[in-house]
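Asker: Please see the structure below; I have some questions.
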Amino acid sequence: MARSVFLVAPMGSGKTAVGRQLARRLNLRFLDSDAEIESRTGVDVAYIFEREGEEGFRARERDVIDALTQEPGVVLATGGGAILLAENRERLAARGTVVFLDTTIEQQLARTQRGQHRPLLATPDRRAMLEELMQLRDPLYRSIATITIRTDDRAPAAVAADIETALKQAAHAAP
């Protein structure tokens, strides 16, 4: 059975686009934790943040991460803050191969400028918010990642190909 791959990264790093490409390459099912939360609740993430706050959203996210990481042979794109809870980090690290999609603040700004569905960016200074989030989250992404791939100015297909190569190399290196 194929080992699951879990993508962790900040918003705007390309988790969903890369995840879809990677799932195709590996012949695995693609899942997105934010999309699953929206499917289960019938409302979008921004609405949950508005009604329940970040804490309410993170509780829902924790339950979805627990369920989706138990699915066999999937590529899972997680929300940017999924790594904030220790139990999510533990489940991700224990149940699959974690890939960190590393990106710069500039790339995040460029990729998130058009979207209105990112509650944490509903602020006058988006750069300052992204920098604050990166300072807190970057060490957490790195702490559980088996593979780190830079995504700046790269097509999702190229990033997915690099991940596939890294997964093969890791499989050959394993005892």
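The values are calculated or read from the model by the stated rules, or taken from the named source; none is laboratory data. Not measured: the values here are computed from a predicted model. We place every Cβ from the backbone using ideal geometry, glycine too, and count neighbours over all the protein chains shown. Side chains included, ligands, DNA and RNA excluded: accessible areas come from the protein's heavy atoms. Shrake-Rupley method; radii C 1.70, N 1.55, O 1.52, S 1.80 Å.
Asker: Quick one: how many residues across region 69-90 are closer than 26 Å to Glu55 by Cβ and touching a helix residue (DSSP H, G or I) at 6+ places or on another chain (Cβ under 6 Å)? Please lay out each step first, then the result.
Answerer: Pass one, region 69-90, residues closer than 26 Å to Glu55 by Cβ: 69-71, 76-90.
Next, from what is left, pick out any that are touching a helix residue (DSSP H, G or I) at 6+ places or on another chain (Cβ under 6 Å): 69, 76-79, 82-83, 85, 88-89.
Residues in region 69-90 being closer than 26 Å to Glu55 by Cβ and touching a helix residue (DSSP H, G or I) at 6+ places or on another chain (Cβ under 6 Å): 10 in total.
Asker: Of everything in region 1-34, what is outside any helix (DSSP H, G or I), of a type outside the set (S, T, N, Q) and under 15 Å from Arg150 (Cα atoms)? Give them in sequence order.
Answerer: If we filter region 1-34 for residues that are outside any helix (DSSP H, G or I), which is where we start, we get 1-14, 27-32.
Filter once more, keeping what is of a type outside the set (S, T, N, Q): 1-3, 5-12, 14, 28-32.
Matches in region 1-34: Leu7, Val8, Ala9, Pro10, Met11, Gly12, Gly14.
Asker: Name the residue that is nearest to the chain's Cα centre (by Cα), counting only residues in region 38-53 that are part of a helix (DSSP H, G or I) and in contact (Cβ under 8 Å) with a residue 40 or more places away in the chain. Let's see the steps before the verdict.
Answerer: Kept after step one, since they are part of a helix (DSSP H, G or I), are these residues of region 38-53: 38-41, 45-53.
Within this subset, residues satisfying the condition of being in contact (Cβ under 8 Å) with a residue 40 or more places away in the chain are 45-46, 49-50.
Working: Val45: 15, Ala46: 17, Phe49: 18, Glu50: 21 Å.
If we take residues in region 38-53 being part of a helix (DSSP H, G or I) and in contact (Cβ under 8 Å) with a residue 40 or more places away in the chain, then Val45 is nearest to the chain's Cα centre (by Cα).
Asker: Identify, please: which residue in region 128-175 is among the β-branched types (Val, Ile, Thr) and surrounded by 14 or more Cβ atoms within 10 Å (Cβ to Cβ) and is, among those, farthest from Gly96 (Cα to Cα)?
Answerer: Thr151
Asker: Among the residues of region 69-101, which ones are among the hydrophobic types (A, V, I, L, M, F, W, C) and open to solvent by less than 10 Å² (accessible area, probe 1.4 Å)?
Answerer: Step one: list which residues in region 69-101 are among the hydrophobic types (A, V, I, L, M, F, W, C), which gives 74-77, 82-86, 92-94, 98-101.
The answer is Val74, Val75, Leu76, Ala77, Ala82, Ile83, Leu92, Val98, Val99, Phe100, Leu101.
Asker: If a residue has to be assigned to a helix (DSSP H, G or I) and within 14 Å of Ala9 (Cα to Cα) to count, how many in region 118-155 make the cut?
Answerer: Going through region 118-155, the residues assigned to a helix (DSSP H, G or I) turn out to be 119-121, 126-144.
Pick out the ones that are also within 14 Å of Ala9 (Cα to Cα) and you get 130-131, 133-144.
The qualifying residues number 14.
Asker: Thr104 versus (1) at pLDDT below 95; (2) within 20 Å of Ala158 (Cα to Cα); (3) open to solvent by 50 Å² or more (accessible area, probe 1.4 Å): which is the lone unmet condition?
Answerer: Only one criterion is unmet by Thr104, namely (3).
Asker: If I go through region 39-68 residue by residue, how many of them are of a type in the set (Phe, Trp, Tyr) and open to solvent by less than 40 Å² (accessible area, probe 1.4 Å)?
Answerer: First, pick out the residues of region 39-68 that are of a type in the set (Phe, Trp, Tyr): 47, 49, 57.
Keeping just the survivors that are open to solvent by less than 40 Å² (accessible area, probe 1.4 Å) gives 49, 57.
Selection size over region 39-68: 2.
Asker: Might you check whether a residue that is of a type in the set (S, T, N, Q) and assigned to a loop (DSSP other than H, G, I, E, B) occurs anywhere in region 74-87? Working first, answer last.
Answerer: As a first pass, look at region 74-87 and keep what is of a type in the set (S, T, N, Q): 78.
Retained after the next criterion (residues that are assigned to a loop (DSSP other than H, G, I, E, B)): 78.
Within region 74-87 (the criterion being of a type in the set (S, T, N, Q) and assigned to a loop (DSSP other than H, G, I, E, B)), the answer is yes, since at least one residue qualifies.
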